[in-house]
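The values are calculated or read from the model by the stated rules, or taken from the named source; none is laboratory data. This structure is a prediction, so every number in the text was calculated from the model and none was measured. Every residue, glycine as well, gets a Cβ built from its backbone with ideal geometry; the counts of neighbours run over all protein chains shown.
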Amino acid sequence: MPIDFAEVKTVSGFRVVRSVYSGEVSVRDAEAFIKAIKPGSALDHCGHLAVGNVSSVSGEVRKVLASQAADPVNPPPVALVITSAIVRLVASLVSRGTNPNTEFFGDEASARQWLDERMTEYERRRTGAKG
């Protein structure tokens, strides 16, 4: 499957869906991924880490992937690893306003560190915990 995904843990133990984009991602692949992470699923309330061929999916696939509206008040953090600085800049400009809790990285280690930090705030807000 061109979107291979699995649950991983951050250093602090927060749940994150790590998805690897490879080859040509079809609309069907994107629909299967969205179904797996939708509200109420086993992967609900996870952060997201996307690596691989993230920036070259088709417009139709992007529409499917964007169809799962995140909570506008407390969206889960999304880290996209794009190794090209120019592509990261363009992707950042294009994606403004979709999920304010999305960030682009040149390497996976930086993305995982950011997710670990952001998941703390996400979970605090989601569960209503004080602190």
Residues that are under 10 Å from the mean Cα position of the chain (by Cα) and part of a loop (DSSP other than H, G, I, E, B), drawn from segment 43-52
CYS46
Exactly one condition in (1) free of Cβ contacts under 8 Å to residues at least 60 places away in the same chain; (2) more than 20 Å from SER110 (Cα to Cα); (3) surrounded by 14 or more Cβ atoms within 10 Å (Cβ to Cβ) is false for HIS45; which is it?
(1)
Residue under question is ALA36, and the condition is that it be modelled with pLDDT under 95, buried (at least 17 other Cβ atoms within 10 Å of the Cβ) and outside any loop (DSSP other than H, G, I, E, B); does it hold?
no
Condition test on LEU65, is it under 11 Å from the mean Cα position of the chain (by Cα) and in a helix (DSSP H, G or I)?
yes
Within segment 8-27, restricting attention to residues that are assigned to a strand (DSSP E or B) and among the hydroxyl-bearing types (Ser, Thr, Tyr), which residue is nearest to ALA79 (Cα to Cα)?
SER19
For the structure I just gave you, tell me whether SER55 is more than 22 Å from ARG125 (Cβ to Cβ) and either assigned to a helix (DSSP H, G or I) or over 12 Å from the mean Cα position of the chain (by Cα) (or both).
yes
Output the number of the condition that ALA30 fails; it satisfies all remaining conditions of (1) touching a Ser or Thr at 6+ places or on another chain (Cβ under 9 Å); (2) part of a strand (DSSP E or B).
(2)
So which residues in segment 92-131 are surrounded by 15 or more Cβ atoms within 10 Å (Cβ to Cβ) and either at pLDDT below 80 or assigned to a loop (DSSP other than H, G, I, E, B) (or both), if there are any at all?
SER95, ASN99, ASN101
